[in-house]
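Student: What follows is a structure written as structure tokens; I'll ask about it next.
The values are calculated or read from the model by the stated rules, or taken from the named source; none is laboratory data. Everything quoted here is computed from the prediction, not taken from an experiment. Reconstructed Cβ throughout: ideal geometry from the backbone, glycine too, with neighbour counts over all protein chains shown.
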Amino acid sequence: MSGIAGYIGRGSADELERMIAAIPYRGDTSDQASGPGWGLACRFWHGRANKTMGILQDAGVAVACAGTLAPQTANPAWTLKQRLLDASDPLADLDGAFGAAVVQTDGLRLTLVRDPFGVRSLYYVELGGTLYFATELKQLLALPQLSAELDLAAIHKYLTFSFVPGEAVPIRGVRRLLPGHRLEYSAGRLEIRPYFQLSERLDPELEDLGAATLMVSRLAKQAVQKRLGDGPVGLFLSGGLDSAAVGTWLKQAGAEVHAFSLDFGAKSVEREQAEQVAKHLGIPLTWVPVDGTTVNAALEDAVWKLDLPFGDPVTVPQYLLGAAARKAGINAVFNGEGGDQLFGGWTSKPMVAAAVYGGMFEDESPEEQYLRAWHRFYGHEEKLYTTFLRDAVGGPGQRRALLAPYLGDDRTTQFLNRVRLTDISLKGSQNILPRAERMSNAHGLDLRVPLFDRELAEASFALPTGFKLHGACEKYVLKRAMQWALPEDIVWRRKFGMSVPVTDWVLGPMADRLSEVLGEPSLQRRGLFVPSYVTSLRAGVDHPAETRKRRIGEKLWTLLMLELWLRAFVDRRGQR
Amino acid sequence: MKCIYCQNDSKYSDRIGGKCPGCGKAFAFEPKNQDPLTDAAFKAAIDRVSSNEQVKWGVEHLRYEVWRLLSAKARKTRRAGWMVVGAGALLLTCAVTPLFVFAIIGGIAILVGILVISLSRRPSLEQSEFDRLYDRYTAAHGVPKTAIVRRPRQGPEPTRIAPDLLEYSFDRAVICDRARTVDLLVANQFHFENNCAILGAEGYPKHAFEIVRSMLKKNPKLEVFVLHDATVEGCALAKRLSTDPKWFGGQNLRIVDVGLRPAHAKFYPGMEVPADPAPQGVPEGGTHPEMAWLRKNKLELAVVRPDQIVKRLYRAMTNLPEPADGDNGGVSGSDVWIYGGDYGTSDGGADSFG
């Protein structure tokens, strides 16, 4: 998909050119428009359907739009302009994967708007009275007047979550517009407000399981249909229920589908299931081999295109999937992300256990339990952080404050809905979706995520929670919706999440890379982490009561991706 | 004697008022006053049981750790005693010759050696003696931060547990014969890491017991694991759970016994203690040789270090084979499996439990 950039104030054509040149992989064509006090630029793939080709200028309004709407429209910029400038409830049902800027050129009023779930991103920074914005951080770093000074409070959050949550990003001064929000900027005044917020609205009519199942099925099929264009599409098939369900709905919609699955060799956990689904649906399936060597080779490019540090080891395999899909001539891929967040997947279960047993030995808030569930460095700060980092991260409570609006939301009566709200808002919108989009677009692919559909997500908060987590059966209503369309064991099998053999990689074929990137000289130079602790992790030593070997790999991967990001985005200012 | 704060190695005469001459902090123990160990040794036991302050533990685990430490000390003394006896015997052999003085020295050496050996018999550490040592240590240095300390009122009030939680269940349940084993697992987040209910067989934790038991009924594929001491009641617990309708009687579940059994005693030499009188009506939960051992002895789960208990339980959960077709099929009632697991080499307690 495409990318945009722009300014309001004393910017220049040269700055626009720098910002749009920073993302060459976002398209083969670029366009610019500017006037007194404003400038817009975009980069796009020429000839792709349902995209805006260039900057739209009409009757004192200029629009730059990256991405697509759902349902798709021929010119998203035109649709957005009409919707945003119509004062009567303009964004009530706006959906898709987009980031857009609308400039009313006569009064110099800027509106930035980002899609409801954060598939696309928008960053902004105020420099010398001029507001600059762009769809990627590296575009803002192309401005020489922006100092690439590290915000260590953002790094502190990354080390807990494995991604950077919230409005702050690790470069001081740069802010991120949150998903489902719009920003208005005029005469130096900046105002941000949400246009979309999920909330619990339990519907008594959906207490009937049959009615609930029918509704989920209808809306999910509709969500896929809304995102279908012309031509063949790819499907990232894991072998789990969610991607299999998306494959089913794609086939039912008559789409020409080609599936791609990750092959971790002997470490694959759902290989048989992926084959079974592809065969059942009559979809051709391409296996994408992934091991420590292939991951190592793709690492630098993936880090650069991820734009922000993401510490989940699934990113590079996703990058390799994207490369395979592009090689097969595909322009758009679907995935099954969102099923767990919408319908109460297995990740909800630890929070249920924590809620029942919480407080037996010490006061522990749901927020603290949720932070621990990330299994990175929450609670291990004393071992990992140098004194310098500890002193620089700021006061306590920053991470809990990010969760409080969701986990502590009194208007949400059901515990599971509070957990799901948190999962969607943080894990989904600020981690899963942006990283998946960036890894697909690393190869010029459009990413379509039908389960993160606005109507479907809103409906999921109208369902009784017992239809989601039903006893110990997760995503119950989705399973009911799929039980006749897919093989029984695909639907009813207990799911444990994708298992990426990251520990094998980092302690095996990538060990040399780690000894350079996370070796003592490198760590001393950076000054953030205690070398002896990282060295012990590299030797395969973790917490003594840690039962899962993969946690060592996840921790090391988190540190590896951060250091590589620091080199690319702080040391080299986003340049390759 | 070394101070645990400043590492200053001081002489008895320098420790005025039982305080370190280096930093002024008070010592809890004074070997010169017949205390069986030093502050540094007690702290080393705490470091060991907590895996260097990373794992939560109960005082019962620390008692066995201190016991192991005293046993190791006694072993060293015994070894020295045997060496003296050996030297004496050598001298006596030489005394066959006219050197009568050798015979006297050798005889004395043998007597001294035997005295040393008899005085350094394998020690036991009575509960009251351990309590005395622990109270003195905590009075001087505070309660170690990894010690499990129950709050006066545990957990949320049942009425404050969100109502929708009752609709959910757990993938697994661990039932323990002791409430303190529940504490150990919950304090180390085992429930959270493994989506696991953890209950004491006798109703612990009180605030959540019936709620959790009702939640367990909602999972027809529940996996049940049992952790217990090697006692008559402990070894019978899995069977009891499989037949009691308040637990899993009448359900087709697999119940895996991961607890201690008499066979484990060989990994913890000298740490079995006399059995309590078994209450009436407890069914036999072991083979004939096991029952013969259990009637005389018991081995507490706390003899195993906390990190090893957690790891063995996790291994039992993840290495569980899928039930073969026909396993339990059509049979009303839950099935009990004894988990074998693997046994590493023993260092007297650390790595021998699976």
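Student: Of the conditions (1) in contact with a helix residue (DSSP H, G or I) (Cβ under 7 Å, 6 or more places away or on another chain); (2) within 14 Å of chain B (Cβ to nearest Cβ); (3) polar (S, T, N, Q), A:Ser522 satisfies every one except a single condition; which number is it?
Tutor: Going through the list (1) in contact with a helix residue (DSSP H, G or I) (Cβ under 7 Å, 6 or more places away or on another chain); (2) within 14 Å of chain B (Cβ to nearest Cβ); (3) polar (S, T, N, Q), A:Ser522 breaks only (2).
Student: Restricting to region A:191-212, give me the number of residues that are over 18 Å from A:Ser425 (Cα atoms) and surrounded by 14 or more Cβ atoms within 10 Å (Cβ to Cβ).
Tutor: Qualifying residue count, region A:191-212: 5.
Student: Also: Checking A:Gly471 against (1) within 14 Å of chain B (Cβ to nearest Cβ); (2) in contact with a helix residue (DSSP H, G or I) (Cβ under 6 Å, 6 or more places away or on another chain); (3) of a type outside the set (A, V, I, L, M, F, W, C), which test does it fail?
Tutor: (2)
Student: Any residue at all in region B:11-32 that is of a type in the set (Val, Ile, Thr) and surrounded by 14 or more Cβ atoms within 10 Å (Cβ to Cβ)?
Tutor: The answer is no; no qualifying residue exists.
Student: Kindly indicate whether any position in region B:194-206 is exposed (fewer than 15 other Cβ atoms within 10 Å of the Cβ) and under 23 Å from the mean Cα position of the chain (by Cα).
Tutor: yes
Student: Go through A:Leu445, A:Leu451, A:Leu463, A:Leu456 for me and flag whichever is within 14 Å of another protein chain (Cβ to nearest Cβ) and over 10 Å from the mean Cα position of the chain (by Cα).
Tutor: A:Leu463
Student: With the requirement that a residue be at pLDDT 95 or above, more than 21 Å from A:Val119 (Cβ to Cβ) and assigned to a loop (DSSP other than H, G, I, E, B), what does region A:171-198 give you?
Tutor: A:Arg172, A:Gly173
Student: Would you call B:Asp276 at pLDDT below 50, of a type in the set (D, E, K, R) and part of a loop (DSSP other than H, G, I, E, B)?
Tutor: Against the criterion (at pLDDT below 50, of a type in the set (D, E, K, R) and part of a loop (DSSP other than H, G, I, E, B)), B:Asp276 does not qualify.
Student: Also, quick follow-up: Just one of B:Leu241, B:Leu237 is in a helix (DSSP H, G or I), touching a residue at least 12 places away in the same chain (Cβ under 8 Å) and touching a Phe, Trp or Tyr at 6+ places or on another chain (Cβ under 6 Å); which is it?
Tutor: Being in a helix (DSSP H, G or I), touching a residue at least 12 places away in the same chain (Cβ under 8 Å) and touching a Phe, Trp or Tyr at 6+ places or on another chain (Cβ under 6 Å) holds for just one of B:Leu241, B:Leu237, which is B:Leu241.
Student: Which residues, taken from region B:280-312, are touching a residue at least 60 places away in the same chain (Cβ under 8 Å), within 14 Å of chain A (Cβ to nearest Cβ) and farther than 14 Å from B:Glu65 by Cβ?
Tutor: The answer is B:Val310, and nothing else.
Student: Just for region A:66-95: of the residues that are in contact with a Pro (Cβ under 9 Å, 6 or more places away or on another chain) and farther than 25 Å from A:Gly39 by Cα, which one is surrounded by the most Cβ atoms within 10 Å (Cβ to Cβ)?
Tutor: Checking each candidate, the answer is A:Ala70.
Student: Follow-up. Does any residue of region B:72-95 turn out to be under 23 Å from B:Ala147 (Cα atoms) and in contact (Cβ under 8 Å) with a residue 60 or more places away in the chain?
Tutor: no
Student: If you don't mind, there's one more thing I want to ask. If we scan region A:58-78, do we find a residue that is part of a helix (DSSP H, G or I) and under 26 Å from A:His443 (Cβ atoms)?
Tutor: There is at least one residue in region A:58-78 that is part of a helix (DSSP H, G or I) and under 26 Å from A:His443 (Cβ atoms).
Student: Out of all the residues in region A:537-553, which are in contact (Cβ under 8 Å) with a residue 40 or more places away in the chain and either of a type in the set (A, V, I, L, M, F, W, C) or crowded, with 22+ Cβ neighbours inside 10 Å (or both)?
Tutor: Listed by number, the residues that qualify are A:Ile552, A:Gly553.
Student: Given the criteria small (Gly, Ala, Ser) and farther than 17 Å from A:Val169 by Cβ, does A:Gly574 qualify?
Tutor: Judged against the criteria, A:Gly574 is not a match.
Student: Next question, about the same structure. So A:Arg400 passes all but one of these: (1) in contact (Cβ under 8 Å) with a residue 40 or more places away in the chain; (2) touching a Leu at 6+ places or on another chain (Cβ under 9 Å); (3) in a helix (DSSP H, G or I). Which condition number does it fail?
Tutor: Single failed check for A:Arg400: (1).
Student: When the residues of region B:214-234 are narrowed to those that are in a helix (DSSP H, G or I) and within 25 Å of the chain's Cα centre (by Cα), which ends up surrounded by the fewest Cβ atoms within 10 Å (Cβ to Cβ)?
Tutor: My answer is B:Glu233.
Student: Can we say A:Asp363 is farther than 30 Å from B:Ala147 by Cα, acidic (Asp, Glu) and more than 8 Å from every other protein chain (Cβ to nearest Cβ)?
Tutor: So A:Asp363 fails the test.
Student: Also, I was wondering about something else. Quick test for you: out of B:Leu216, B:Leu199, B:Leu222, B:Leu185, pick the one residue that is in contact (Cβ under 8 Å) with a residue 60 or more places away in the chain and aliphatic (A, V, I, L, M).
Tutor: Just one listed residue meets the conditions, B:Leu185.
Student: Right, another one. Tell me, which residue of region A:403-427 that is in a helix (DSSP H, G or I) and within 14 Å of chain B (Cβ to nearest Cβ) is farthest from the chain's Cα centre (by Cα)?
Tutor: Filtering region A:403-427 for residues that are in a helix (DSSP H, G or I) and within 14 Å of chain B (Cβ to nearest Cβ), the one farthest from the chain's Cα centre (by Cα) comes out as A:Phe415.
Student: Moving on. Being in contact with a strand residue (DSSP E or B) (Cβ under 6 Å, 6 or more places away or on another chain), part of a helix (DSSP H, G or I) and within 11 Å of another protein chain (Cβ to nearest Cβ) is the requirement here; does B:Leu165 meet it?
Tutor: The answer is no for B:Leu165.
Student: Spot the failing condition for A:Tyr357; the list is (1) under 22 Å from the mean Cα position of the chain (by Cα); (2) crowded, with 23+ Cβ neighbours inside 10 Å; (3) without any contact (Cβ under 8 Å) to a residue 40 or more places away in the chain, and only one is missed.
Tutor: Tallying (1) under 22 Å from the mean Cα position of the chain (by Cα); (2) crowded, with 23+ Cβ neighbours inside 10 Å; (3) without any contact (Cβ under 8 Å) to a residue 40 or more places away in the chain, A:Tyr357 fails exactly one: (1).
Student: Out of curiosity, is A:Val477 touching a helix residue (DSSP H, G or I) at 6+ places or on another chain (Cβ under 7 Å), buried (at least 23 other Cβ atoms within 10 Å of the Cβ), among the β-branched types (Val, Ile, Thr) and more than 14 Å from chain B (Cβ to nearest Cβ)?
Tutor: So A:Val477 does not fit the description; no.
Student: Sort through A:Ser261, A:Ser243, A:Ser238, A:Ser268 and tell me the only one that's of a type in the set (S, T, N, Q), at pLDDT below 95, crowded, with 17+ Cβ neighbours inside 10 Å and within 28 Å of A:Ala223 (Cβ to Cβ).
Tutor: Within the list A:Ser261, A:Ser243, A:Ser238, A:Ser268, the selection yields A:Ser238.
Student: Among residues belonging to region B:195-250 that are β-branched (Val, Ile, Thr) and away from every other protein chain (no Cβ under 14 Å), point out the one that is nearest to A:Cys473 (Cα to Cα).
Tutor: B:Val226
Student: If you check A:Gly358, A:Gly394, which single one turns out to be at the interface with another protein chain (Cβ under 10 Å from one of its Cβ atoms) and over 30 Å from A:Gly240 (Cα atoms)?
Tutor: A:Gly358
Student: Name the strands (runs of 3 or more DSSP E) wholly within region A:1-47 that hold at least 2 residues that are surrounded by 24 or more Cβ atoms within 10 Å (Cβ to Cβ)?
Tutor: Filter on region A:1-47 gives A:3-8, A:38-44.
Student: Counting just the residues of region A:333-348 that are at pLDDT below 90 and part of a helix (DSSP H, G or I), which one comes out farthest from the other protein chains (Cβ to nearest Cβ)?
Tutor: Filtering region A:333-348 for residues that are at pLDDT below 90 and part of a helix (DSSP H, G or I), the one farthest from the other protein chains (Cβ to nearest Cβ) comes out as A:Thr347.
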